[in-house]
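Chemist: So that we are looking at the same thing, I have put the structure below in structure tokens.
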Amino acid sequence: MTASISPDAPIDPTSTDAWAELEAHHLDLDGSLREWFDEDPQRAERFTHTAAELHVDLSKNLITPETSELLLRLAREVGVEERRDAMFTGAHINTTEDRAVLHTALRRPAGSSPSLTVDGQNIDEDVRGTLHRVYEFADKMRSGEWTGVTGKRIETVVNIGIGGSDLGPVMVYEALKPLAQDGLEARFISNIDPTDAYATTRDLDPETTLVIVASKTFTTLETLTNARLVRQWLLGALRENAGLTSEQEKEAVAKHFVAVSTALDKVEAFGIDPANTFGFWDWVGGRYSVDSAIGTVLATVLGPDVFEELLGGFHAMDEHFRTAPAAQNVPLLMGMLNIWNVNFLEAETHAVLPYSQYLHRFPAYLQQLTMESNGKAVRWDGSLATTETGEVFWGEPGTNGQHAFYQLIHQGNRVIPADFIAFATPNHALADGDQDVHELFLANFFAQTKALAFGKTADEVRAEGTEGPLVAAREFSGDRPTTSIMAPKLTASVLGQLIALYEHITFVQGVVWGINSFDQWGVELGKQLAKDLAGAVAGDEAAISGEDSSTESLIRYYLAHREG
Ligand code: F6P
């Protein structure tokens, strides 16, 4: 069944009663987090929610129960829940590309009933069929049944992709690295800077290397260029080291290259055997695709069981988002909180600070998810957005960030909402003498949100013996909004839950702003101009002098200084 969605203009959030009330409420809001916590001993409990295994404490945000109620009313008035339901049932909510948006279907458990059929396609059958092929391939690789052309077992899987065909796989691999099979590692090439391909393959043995070319469209310049570079390196090195003949080249490519794409014809034209190609569908956006065949590198190196657990985590959060009542629906509450922060408190950025070294690529992953989705000023009917949209997401793992940019969050004059993420059980429990180091780590996590919320008053500074101008420098205003997300442990399932949480938060914000969060036209102009500039960069004088004066002078600088 395909749900219908009104092609009408989005509801302008600023025209709703809830928006007007939120504006008035914002002006009236007084007090501070110190006062609100003193006045309401239940505040932490009131604002703490559970979603799957995630324990989410929103109480250190600049909200009162009334703020929360008004935000939920706004969500109702702009139809967030209707659009959510439309997404889950396969309506074409990606209006500019006339596509369904069904990443949630990628993680429906095997045997889900009733099965999901959209636009005449039995989605469940197709998803499970592809997963089955990916898992079969992964098992062969992991058992050593699949070998390279010289009969050696594969030891390194190199994923070549960019954007959604890279950031998700890298982030998940880094997060779950301890689960990689012994003797099997993943590497990633994304940048068209030739340094990336060079540095990644430099010390690899071509006989034990398998390459996955991952590209939804199979037209992406960076990925195809890198795939050709690596094919050149691999075949050249096999010729040199293993005496590969030109007759064996086709077999070598078949043994060492597989592809993941929605464009199977283009994969074949590139020379990769269709039997070694895993497909997905146009209803999966690139930045929502880590749980599709784009995760083949993960299923291979971490294993099908880990991949299934990851999918299970995604699904648990999907179910929460789809079914939890609004007042306990964490992605809905967090998405609406971001609306409050951006549109009422005028926050321009949002920090995501994982207290887990293994999540060091999580902020980078979220940058594509959130900013490629909601970095738009035009709504899904082509009209202009009526509010600020798309805040900047950024972050680094704690405690490194504490010694770098937290100064600005604590004492700068901008509102920077921050999500702090931590796990009760460490991946590696180490002790420094008698000191459990994870305890030290978590003490920092707890201390930071406490300092940001409650600050330190001038009187408290003076009470410590400080006088004069130094008092102001040592004062902390507090009232810096944070959300704390905790989970028992960083497992594959918890990681899936976290990713899906942010996918749905992004969705909620997009609906309120009236944005189609599933297209990305903003990346096209730069791609086009890069192609157009090829002649000038290669030194074509007529092309160079046809450029604007800045671009012309930069190209001339390049040509004058290029060595070799
Ligand atoms: O340029 C943006 C983008 O289209 C992303 O949305 C996408 O994840 C990335 O490029 C890579 O695209 P592809 O998987 O088609 O190579």
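The values are calculated or read from the model by the stated rules, or taken from the named source; none is laboratory data. Worth saying up front: this structure is predicted, and the values here are computed from it rather than measured. All Cβ positions, even for glycine, are placed from backbone atoms using ideal geometry, and neighbour counts span all protein chains on display. When the accessible area is computed, the model is the full protein with side chains, heavy atoms only, and any ligands, DNA or RNA have been set aside. Shrake-Rupley method; radii C 1.70, N 1.55, O 1.52, S 1.80 Å.
Chemist: Going highest first, how would you order 487-493, 406-412, 347-353 by mean Cβ packing within 10 Å? Could the numbers behind the result be given before it?
Modeler: On the way: 487-493: 19.7, 406-412: 15.9, 347-353: 21.3.
Taking the mean over residues of other Cβ atoms within 10 Å, the ranking is 347-353, 487-493, 406-412.
Chemist: Which of the peptides 385-392, 498-505 is most tightly packed, and how do the rest follow, judged by the mean count of other Cβ atoms within 10 Å per residue? Mind dumping the intermediate values first?
Modeler: On the way: 385-392: 17.8, 498-505: 25.0.
Highest to lowest by the protection proxy: 498-505, 385-392.
Chemist: Continuing with the same structure: First select every other residue whose beta carbon is under 11 angstrom from the beta carbon of Glu35; then total the charges, Lys and Arg +1, Asp and Glu -1.
Modeler: Details: positive: Arg34, Arg43; negative: Asp30, Asp38, Glu39, Asp40, Asp479.
Cβ neighbours under 11 Å give a net charge of -3.
Chemist: Quick check: the angle from helix 330-339's long axis to the longest principal axis of the chain, C-alpha only, nearest 10 degrees?
Modeler: Orientation of helix 330-339: about 70 degrees from the principal axis.
Chemist: Go through region 396-408 residue by residue and turn each phi into a ³J(HN,Hα) via Karplus (6.51, -1.76, 1.60, θ = phi - 60°); whole Hz please, and just put x for glycine and proline.
Modeler: So the Karplus estimates, Gly and Pro as x, are 8, x, x, 8, 4, x, 4, 9, 10, 10, 5, 3, 5 Hz.
Chemist: Just to make sure I understand: if all protein chains stay in place, what is the order of Lys152, Lys376 by accessible area at 1.4 Å, largest first?
Modeler: On the way: Lys152 85, Lys376 35 Å².
From most exposed to least exposed: Lys152, Lys376.
Chemist: Report, to one decimal in Å, the Kirkwood hydrodynamic radius for region 271-370 based on all distinct Cα pairs.
Modeler: Numbers: mean 1/r = 0.0604 Å⁻¹.
When all Cα pairs of region 271-370 are included, the Kirkwood radius is 16.6 Å.
Chemist: How large is ³J(HN,Hα) for each residue in region 123-129, as worked out from phi by the Karplus curve 6.51 cos²θ - 1.76 cosθ + 1.60 (θ = phi - 60°), to whole Hz, x for Gly and Pro?
Modeler: Along region 123-129, the couplings run 5, 4, 4, 5, 5, 5, x Hz.
Chemist: With n ≥ 4 as the cut-off for DSSP H runs, can you work out [θ] at 222 nm for the chain, using -39500 (n - 2.57) per run divided by the number of residues, rounded to the nearest 500?
Modeler: Details: 24 runs with 252 residues, N = 564.
Mean residue ellipticity, 222 nm, calculated: -13500 deg cm²/dmol.
Chemist: In nm, give the distance between the simple-model label positions of Glu319 and Thr551, each being 7 Å from the Cα along the Cα-to-Cβ direction.
Modeler: 5.3 nm
Chemist: Related question: What figure in square angstrom, to the nearest 10, would you give for the accessible area of Asp432 with a 1.4 Å probe?
Modeler: 110 Å²
Chemist: So what J values fall out for region 313-321 if you push phi through Karplus, 6.51 cos²θ - 1.76 cosθ + 1.60 with θ = phi - 60°, rounded to Hz, Gly and Pro as x?
Modeler: Karplus values, whole Hz, x for Gly and Pro: x, 4, 5, 4, 6, 4, 5, 4, 5.
Chemist: For region 391-487, state the semi-axes of the equivalent ellipsoid (square roots of 5 times the eigenvalues of the alpha-carbon gyration tensor), sorted largest first and rounded to whole angstrom. If you can, show how the numbers build up before the last one.
Modeler: Details: eigenvalues 147, 71, 24 Å².
With the √(5λ) rule applied to region 391-487, the semi-axes are 27, 19, 11 Å.
Chemist: Let me ask another. Give me the percent of the accessible area of the chain that comes from carbon and sulfur atoms, probe 1.4 Å, all protein chains in place. Mind dumping the intermediate values first?
Modeler: Working: 12490 of 24440 Å².
Ligands and nucleic acids excluded, carbon and sulfur give 51 percent.
Chemist: To continue, here is another question. Given contacts defined as C-alpha pairs under 8 Å and at least six residues apart, what's the relative contact order of region 331-462, whole-number percent? Please list the in-between numbers first.
Modeler: Numbers: 138 pairs, mean separation 40.8, N = 132.
Here the relative contact order equals 31 percent.
Chemist: While we're looking at this one, here's another question. Largest first and in whole Å, what are the equivalent-ellipsoid semi-axes of region 1-128 based on the Cα gyration tensor, each being the root of 5 times an eigenvalue? Write out the running numbers ahead of the final one.
Modeler: Values: eigenvalues 285, 94, 16 Å².
Semi-axes from the Cα gyration tensor: 38, 22, 9 Å.
Chemist: Largest first, how would Leu529, Leu235 line up by accessible area (1.4 Å probe)? The partial results should precede the final answer.
Modeler: Numbers: Leu529 85, Leu235 20 Å².
Greatest to least solvent exposure: Leu529, Leu235.
Chemist: Given the convex hull over the Cα atoms of the chain, what projected area results after averaging over all orientations, in nm²?
Modeler: Averaging across all directions leaves 32.0 nm² for the Cα convex hull.
Chemist: How much of the DSSP beta bridge set in region 119-306 is antiparallel, as a percent to the nearest 5? All intermediate terms of the calculation are to be shown ahead of the outcome.
Modeler: On the way: 1 of 18 bridges.
Bridges in region 119-306 that DSSP calls antiparallel: roughly 5 percent.
Chemist: Something else about it: For region 329-444, take the convex hull of the Cα atoms, compute a quarter of its surface area, and give me that in nm², please. Don't skip to the end; give the middle numbers.
Modeler: Working: hull surface 36.2 nm².
Orientation-averaged projected area of the Cα hull: 9.0 nm².
Chemist: Within the chain, what percent of beta bridges assigned by DSSP are antiparallel, to the nearest 5? Each step should come with its number before you reach the end.
Modeler: Numbers: 15 of 46 bridges.
Percent antiparallel among DSSP bridges in the chain is about 35.
Chemist: Compare His103, His403, His26, His55 by solvent-accessible area with a 1.4 Å probe and give them largest first, with all protein chains kept in place.
Modeler: On the way: His103 5, His403 160, His26 65, His55 90 Å².
From most accessible down to least: His403, His55, His26, His103.
Chemist: So, one more: In Å and from the alpha-carbon atoms only, list the Rg and Dmax of region 48-116.
Modeler: Considering region 48-116 through its Cα atoms, Rg and Dmax are 16.4, 44 Å.
Chemist: Lys and Arg at +1, Asp and Glu at -1: add these up for the other residues within a Cβ distance under 15 Å of Asp139 and post the number. Don't skip to the end; give the middle numbers.
Modeler: Working: positive: Arg133, Lys140, Arg142, Arg153; negative: Glu136, Glu145, Asp305, Glu308.
Residues close to Asp139 contribute a combined charge of 0.
Chemist: In addition: Provide Rg over Rh for region 119-306; use the alpha carbon set for both Rg and the Kirkwood Rh (inverse mean inverse pair distance). Don't skip to the answer; put the middle values down first.
Modeler: Values: Rg = 15.4 Å, Rh = 16.4 Å.
A ratio of 0.94.
Chemist: Let me ask something additional. Glu97: net charge of surrounding residues, Cβ under 11 Å, Lys/Arg +1, Asp/Glu -1, itself excluded? Spell out each step's value before the answer.
Modeler: Details: positive: Arg99; negative: Asp98, Asp282, Asp519.
Net local charge, Glu97 excluded: -2.
Chemist: At a Förster radius of 22 Å, what calculated FRET efficiency corresponds to the Cβ-Cβ distance of Asn122 and Glu97, to the nearest 0.05? Walk me through the intermediate numbers first.
Modeler: Numbers: r = 22 Å, r/R0 = 1.00.
The formula returns an efficiency of 0.50 here.
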